[in-house]
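> Structure in structure tokens, see below.
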Protein chains: 4
Amino acid sequence: MEEKRGLKNRGYSHADVDERRTAVEKFTGTSLENISKYCFDSEKASKNIENMIGATQIPLGFAGPVIINGDNAKGEFIIPLATTEGALTASVSRGMSVINDGGGARVRVFQDGMTRAPVFRTNGLDHCAEIMDWIGKNTELLSSVVSTTTNHGKLTSAEPFPAGRNLYIRFTYETGDAMGMNMATIATEAVCKEIENHTGAIMVSVSGNMCSDKKPSAINMIRGRGKTVIAEAVIPKDVVEKRLHASTESIVETNIRKNLIGSSMSVTLGANAHAANMVAAIYIATGQDPAQVVSGSMTTTMCENVDGDLYIAIRMPSVEVGTVGGGTRLPSQAEALAMIGCLGDEKAKKLAEIVAVTVLAGELSTLSAQAAGHLGKAHQELGR
Amino acid sequence: MEEKRGLKNRGYSHADVDERRTAVEKFTGTSLENISKYCFDSEKASKNIENMIGATQIPLGFAGPVIINGDNAKGEFIIPLATTEGALTASVSRGMSVINDGGGARVRVFQDGMTRAPVFRTNGLDHCAEIMDWIGKNTELLSSVVSTTTNHGKLTSAEPFPAGRNLYIRFTYETGDAMGMNMATIATEAVCKEIENHTGAIMVSVSGNMCSDKKPSAINMIRGRGKTVIAEAVIPKDVVEKRLHASTESIVETNIRKNLIGSSMSVTLGANAHAANMVAAIYIATGQDPAQVVSGSMTTTMCENVDGDLYIAIRMPSVEVGTVGGGTRLPSQAEALAMIGCLGDEKAKKLAEIVAVTVLAGELSTLSAQAAGHLGKAHQELGR
Amino acid sequence: MEEKRGLKNRGYSHADVDERRTAVEKFTGTSLENISKYCFDSEKASKNIENMIGATQIPLGFAGPVIINGDNAKGEFIIPLATTEGALTASVSRGMSVINDGGGARVRVFQDGMTRAPVFRTNGLDHCAEIMDWIGKNTELLSSVVSTTTNHGKLTSAEPFPAGRNLYIRFTYETGDAMGMNMATIATEAVCKEIENHTGAIMVSVSGNMCSDKKPSAINMIRGRGKTVIAEAVIPKDVVEKRLHASTESIVETNIRKNLIGSSMSVTLGANAHAANMVAAIYIATGQDPAQVVSGSMTTTMCENVDGDLYIAIRMPSVEVGTVGGGTRLPSQAEALAMIGCLGDEKAKKLAEIVAVTVLAGELSTLSAQAAGHLGKAHQELGR
Amino acid sequence: MEEKRGLKNRGYSHADVDERRTAVEKFTGTSLENISKYCFDSEKASKNIENMIGATQIPLGFAGPVIINGDNAKGEFIIPLATTEGALTASVSRGMSVINDGGGARVRVFQDGMTRAPVFRTNGLDHCAEIMDWIGKNTELLSSVVSTTTNHGKLTSAEPFPAGRNLYIRFTYETGDAMGMNMATIATEAVCKEIENHTGAIMVSVSGNMCSDKKPSAINMIRGRGKTVIAEAVIPKDVVEKRLHASTESIVETNIRKNLIGSSMSVTLGANAHAANMVAAIYIATGQDPAQVVSGSMTTTMCENVDGDLYIAIRMPSVEVGTVGGGTRLPSQAEALAMIGCLGDEKAKKLAEIVAVTVLAGELSTLSAQAAGHLGKAHQELGR
């Protein structure tokens, strides 16, 4: 009875959280003492979760400092990483220290735009063509419709993919410093109503999976989603040998046999060692959406022997991050953003650059560890 | 000076954590007060992280109760979800409530095995053939080598992929209730030494990316990794209409146009609405590796109209979860596992079944919301 | 001696062909009497082959007539199909006859452009950005360079893909009625020289595999290459039942379980039954490049139940065909093009439409045959 | 009238062919004189085509001789290539001549099996499990059923892929020297009837697209279909420089930037320069199914600098060829097979080895041409 009432409580106060948690404890016959130990104002989380009963605490460590020479991120940074995988922060730190010995990492955002691609039901290919034609002629109207739903979002393109009685339109938006997924969804729904009214198309779903959000999609590899970022570093020959206990040749060879050929034979999107580890750890620490690790981690890692030195670069086509909204509101996440000077406005590209350099460091460290043949050993000592 | 010392502190005590955090605060000029509020014994996290400075707190809510009829998970469950995405727990709860009205979800693990695939450098295709031949004739020897590295792991197969001077061997292991990645890595390194000694092959990397770990790979879609799980439910026609405000036809149509055709045209691994959201939330809550959301979320969602009722099923080929080791050791994560009766031994398959049902509920809810055209609205009310 | 001389003969006359063939007969100890029976002027093939010794004769049949309502192809057509697969022409003819009973097929070219994507070696990401900037500011110069290499080709876009020390530029060209691959290659080489001279970039390969030519690539699924064509037809309920011995429901179901879900689970580019059969047969008959069947056949087949009738449509994103140049010069191929009114100028889009309708008919026939469960039987009776 | 009768003529005699062609000439208002000049017995083509009106003549040239050291193909071979692409035979010949200077090519078939994967409709996941269980317990019964449909075919495995109410079973067969697709289809239909009778499963389609036939599928890259072949050669440093006017380094670099990184970024199945060209030319010449160029050409090309010499290898996972049945019956095709000693029994693996070496030579030649920067020039001189 009381238990049921607790489970059905929809409030956001600390008392509401306690009542729900107590009901869950009764229902499941388990003590949730540690879950109860959250240190933020539950009302503040009202836009982040429902049915809150407490918090999950993820150990937060740091990697670095690392010297970053980005268009937006400039200087020496200490990177917050929330993880439960032993050896990860140590490994990334090792990579960063080596990058510093080479003078730091260069990084740049090459493209920026959030997408949403509804699917419409049409009467067939001629109807698709009419709708495409109407959209092409009414971009200003659609842009004005978008502006009624958001102050920060701006429609930048509408790419059509007709397919029989299906028409997919991939809308791209500038979303300022928000990751922008919901802004794009709300704007797209308004745009779709307009399209429905003028063309007779029927919106079947505001997302037709050509967006594509939180799925491993070639369309994001090729067209990009969120920020498309490239980071690079040069590690002098002697640093490679002294610090990484490997040779430039062996690291280049490992990258070719493992990341390039191995990923091609297993038919993998991207070609990297473990980009997802770094992306997940920094996304969780900074309040990004951890489900977007799926597309955010589609990374191509490239190593070259340049006059004996090691050149390493990564391409990340789909870094979907924001510095306002979402999980960035929460206190520990906001502090992690503050640690890297990414809290608030005009910071999203800077964050994307920092994410990329963190991935670069992790790739460098793991590739050289594997080249030197002691990955398992590292885990035995530091991890599970 | 002092700051530098703090950053270089490698200890695990609360004092060590404080010294590091203080050094980071000085270095970055930011207060990390909320990050300092962790409620577990930092020594306990010694195998989960290095350079710990505190914790990230993720709001933890619940979805359910949901009635599960699994081979391992049986009964009514309340599912812990750690997330910062507004509307997610409410949406999953809605799906579960509807599933309950249909009598609950059926779920089953069809396959179970953790893989690691080293890449060897060989002298060419004849050498590859010799090595493959040697491995085929020495499986017992290799199994015994594995047993020297682990009590729980068991080598079950070795699938070779020769490619010129590259030879990839995809080793599969039973790993008990551990997710098993590190167990597989350590065992594989021992196996590789044996192969190197007997065949002259040179292990270039213990992971040749045909494993494939934390990358979106077709090989995991096709061969499976971790647990391959299928969950299904039938929602009676009237429940679909009354509870989901949609028709069976409209949900089936949405699934075809969005998940099946849209995913094919965007060249996506899997075909689903937002499996990654549910996988990430339950993985984080229960101490799984959030980087494995990448492969864990490669889900195929199928909807059918069966005599007017809605049949919905999902296939998840690569659910890499464990109930011992890793993040499951941490207090709030252990409590979340306890909530669903998945703490400790003989529980990994049960956890995989619960993960799948949670994804099933989320897919059902979102597909029907999109079919009913109010996805954006849900986010406007409940989310950012 | 003499034999060697024959093998080294580089001439194009009938006598040269005879000398070479005689030398090959001696070398291999085989009679090539049937290969000797070619009926065209070997000099005419001088741009199509070297070391000619005769001809391969492929049986040529026809499918149809079929009623086509295209933007370019209008009327009743008999389609030439060169094949050695028993049952294929009969099956396609059956599909066309059924399409006619529905009033014919609608078809339209939605996009047209041939691509070539060189890869440049650069000094790193800043150099990539400089080159991209230079190209953006010098499109007119590059267009004029293109015009020095071709009268028919026109540069329409240049899409950059930077990746560390690699820069891929996907150039798109209008190529008139030629398939345009060589035109694009030659133009791109000239453009690349210009880029090299002004930017210091080094062209490593005129094709960096983001073109992508004769490979199964997601980039062609998503961006299109050659002609992007959609064809559709509606088959009335009673026609489906009387002529196809199947129901609309069973064909729709077969398409979902086989083409949509099966193709997703096997991670296939496109979703179709056997598009490659039709594409290969018409490409060979009309002198197209049979290697381009690889990308030309990446087809998405969609079936719907529309008020009981069967709606079927196909999307072909990458139909790379021409009506001048290449194999179209050869007599039997030219006659096949003449059969469908596609010989010479202003005909390439018409040919693409006819290709698509031929694929539509083959998909319809095979899907309904499988729905009716007699695919094997058809092969047993008509072929092997 | 008469015309209609001609179009409806279903006979196979020369007179029937003439009547049909005459009817087509009338219908289309075109002369088909060259198409009429076929030199084989039309009755002989009765299992290869319907509605025959003549033949398409493809210029046939040769490449080689090439020294092959295969498990099945041993000695010096001249390779028949049917093509209309200028420069192709010359380019492949160049590659072969260079391979000879290195002592010839080594090649080996690593796996052999033809597949067919029906999709069944089931009642859900428990029914899937029951059917899988029944199949596992009745492999002998199913093998005996197969033997009632074929003398040469042998069932070797049955791999299940359950997915909700769908169950895909990937059956693999030994098919002797036939390519085996129809043999596998007919055998599978018989097997499916047995499964239907014993389990209540309903076969929706004998092909559920997990076979996968004539589609670019990851499942064939990973599991192989037909013959999985690897070929390799070593080209001494001085030969690379003198004969290919390139350096080992430049060819290795071209392969990395173009085939490995470029193919990964464009999300391509396989990683090669133009394997489809060689596969198409030799398939057409030898009476193979040109639609199977799609899967046959999924090639991974690997180049390495080994002590200054160039090591080049290719992996072809899915070479679906036969030396009996299909187009091999036709006279010019049979002669082309005879040219390489591949006519008749015990020759299919030999043919697969020859196909692979031909691809190896073409890859070597084109990569070095691109490395030396004169691809376009070659086409300008030799073709268009």
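> Once the Cβ-Cβ distance between B:GLU130 and B:SER157 is put in as r, and R0 is 22 Å, what FRET efficiency do you end up with, to the nearest 0.05? If you can, show how the numbers build up before the last one.
Details: r = 20 Å, r/R0 = 0.90.
With a Förster radius of 22 Å, E is 0.65.
> Between B:ASN48, B:ASN197, B:ASN72, find the one with the highest GNM mean-square fluctuation for chain B; connect C-alpha pairs within less than 10 Å.
Of B:ASN48, B:ASN197, B:ASN72, the most mobile in the Gaussian network model is B:ASN197.
> With contacts defined as alpha carbon pairs under 8 Å and 6 or more residues apart, what's the relative contact order of the range B:255-384 in percent? Could you put the intermediate results ahead of the total?
Working: 161 pairs, mean separation 31.0, N = 130.
Relative contact order for the range B:255-384 comes out at 24 percent.
> 7 Å along Cα→Cβ for the label point: how many nanometres lie between A:GLU196 and each equivalent label in the other copies, listed shortest first?
The projected label point of A:GLU196 is separated from its counterparts by 4.2, 5.6, 6.3 nm.
> Another question, if that's okay. When the Karplus curve 6.51 cos²θ - 1.76 cosθ + 1.60 is applied with θ = phi - 60°, which whole-Hz ³J(HN,Hα) does each residue of the range C:230-244 get, with x for Gly and Pro?
Result, rounded to whole Hz: 10, 10, 8, 8, 10, 10, x, 3, 5, 5, 3, 6, 6, 8, 9.
> Given H placed on each backbone N at 1.01 Å, which residues far from C:LYS37 in sequence or on other chains put an amide H within less than 5 Å of it?
Close amide H contacts, sequence-distant or interchain: C:ALA55.
> Any idea what the A:LYS237 label distances to the other copies are, label 7 Å down the Cα→Cβ vector, nm, shortest first?
Label point to label point, same position, other copies: 1.7, 7.8, 8.0 nm.
> Report the dimensions of chain C along its three principal axes from the alpha-carbon atoms, largest first, rounded to Å.
Its Cα atoms span 67, 59, 37 Å along the three principal axes.
> If you don't mind, there's one more thing I want to ask. So the label point sits 7 Å from Cα along the Cα-to-Cβ vector; using that for B:SER13, what distances do you get to the other copies, in nanometres, sorted shortest first?
4.3, 10.0, 10.6
> Relative contact order (percent) for chain D, with alpha-carbon contacts under 8 angstrom and 6 or more residues of separation? Present the calculation step by step, with values, prior to reporting the outcome.
Numbers: 801 pairs, mean separation 76.3, N = 384.
It rounds to 20 percent for chain D.
> Let me ask something else about it. With chain D treated as a Gaussian network of Cα nodes joined by springs under 10 Å, which of D:ALA15, D:ALA291, D:ALA273 yields the largest mean-square fluctuation?
D:ALA15
> So, one more: Grab the alpha carbons of the range D:118-205, take their convex hull, and tell me the volume per residue in Å³.
Numbers: hull volume 6.6 nm³, N = 88.
Once divided by residue count, the hull of the range D:118-205 is 75 Å³.
> To continue, here is another question. Counting only residues 5 or more places away or on other chains, whose amide H sits under 5 Å from the amide H of C:ASN166 once H atoms are built in the peptide plane?
Correct list: C:THR122.
> Each residue of the range C:258-271 in turn: what ³J(HN,Hα) in whole Hz from Karplus with 6.51, -1.76, 1.60 and θ = phi - 60°, glycine and Pro shown as x?
Result, ordered by residue: 8, 6, 8, 6, x, 5, 5, 6, 8, 6, 10, 7, x, 8 Hz.
> Return the calculated 222 nm mean residue ellipticity for chain B, to the nearest 500 deg cm²/dmol, obtained by summing -39500 (n - 2.57) across DSSP H runs with n ≥ 4 and dividing by the residue count. Before the final figure, lay out the partial values.
Details: 14 runs with 154 residues, N = 384.
The helix-only estimate for chain B comes to -12000 deg cm²/dmol at 222 nm.
> Taking other Cβ within 10 Å of each residue's Cβ, how do C:HIS127, A:HIS245 sort, fewest first?
Details: C:HIS127 18, A:HIS245 14.
Result, fewest neighbours first: A:HIS245, C:HIS127.
> Counting pairs of Cα atoms in the protein assembly as shown, how many percent are more than 68 Å apart?
On the way: 66861 of 1178880 pairs.
Tail of P(r) above 68 Å: 6 percent of Cα pairs.
> Name the most mobile residue of B:ARG121, B:ARG106, B:ARG315, meaning the one with the largest mean-square fluctuation, in a Gaussian network model of chain B with Cα contacts below 10 Å.
Ranking B:ARG121, B:ARG106, B:ARG315 by mean-square fluctuation puts B:ARG121 first.
> From the phi of every residue in the range A:91-101, what ³J(HN,Hα) in whole Hz does the Karplus formula 6.51 cos²θ - 1.76 cosθ + 1.60 yield, where θ is phi - 60° and glycine or proline is x?
5, 5, 4, 4, x, 5, 4, 5, 4, 4, 4
> Let me ask something else about it. Taking amide H positions as placed 1.01 Å from N in the peptide plane, with prolines and chain starts having none, which residues 5 or more places from A:GLY200, or on another chain, fall under 5 Å of its amide H?
Long-range HN contacts for A:GLY200: none found.
> With no solvent and one equal point scatterer per Cα, compute the Debye intensity ratio I(q)/I(0) for the range D:264-337 at 0.11, 0.24 Å⁻¹ and report its log10, rounded to two decimals.
Rounded to two decimals, the profile gives -0.36, -1.02.
> In chain C, which residue puts its Cβ closest to the axis that turns chain C onto chain A, and how many whole Å away is it?
Of all Cβ atoms in C, the one closest to the rotation axis yields C:ALA218, 2.
> To continue, here is another question. Going Cα to Cα from D:LYS4, which lysines come in below 30 Å? Please leave out same-chain ones fewer than 8 positions away.
Excluding near neighbours in sequence, the set is C:LYS74, C:LYS237, C:LYS242, C:LYS347, C:LYS349, C:LYS350, C:LYS377, D:LYS26, D:LYS37, D:LYS44, D:LYS47.
> Right, next: May I ask you to work out the translational diffusion coefficient for the range A:5-45 at 20 °C, viscosity 1.002 mPa s, via Stokes-Einstein with Rh from the Kirkwood sum over Cα pairs, reported in whole µm²/s?
Values: Rh = 10.5 Å.
Answer, rounded: 204 µm²/s.
> Then there is this: On full extension of the chain, what length is gained from A:LYS137 through A:SER13, given 0.36 nm per residue of separation minus the C-alpha to C-alpha distance? Intermediate values should be presented prior to the final figure.
Values: separation 124, 0.36 × 124 = 44.64 nm, distance 5.00 nm.
Contour length minus the Cα-Cα distance gives 39.6 nm.
> Within 10 Å of each residue's Cβ, count the other Cβ atoms and sort B:THR248, B:THR89 from fewest upward. Kindly include the intermediate steps, with their values, before the conclusion.
On the way: B:THR248 26, B:THR89 29.
Fewest to most other Cβ atoms nearby, the residues stand as B:THR248, B:THR89.
> Another question, then. Among D:VAL324, A:VAL229, C:VAL206, B:VAL306, what is the fewest-to-most ranking by other Cβ atoms within 10 Å?
Working: D:VAL324 19, A:VAL229 31, C:VAL206 24, B:VAL306 15.
By the 10 Å Cβ count, ascending, the order reads B:VAL306, D:VAL324, C:VAL206, A:VAL229.
> Restricting to Cα pairs below 8 Å that are 6+ residues apart, what does the relative contact order work out to for the range D:160-269? Please round to a whole percent. Don't skip to the end; give the middle numbers.
Working: 43 pairs, mean separation 17.0, N = 110.
Dividing the mean separation by the residue count of the range D:160-269 yields 15 percent.
No lab work stands behind these numbers, since they all come straight from the coordinates. This one's a predicted model, so the numbers in the text were calculated from it and none came from an experiment. Glycine gets a Cβ as well: all are built from the backbone with ideal geometry, and neighbour counts include every protein chain shown.
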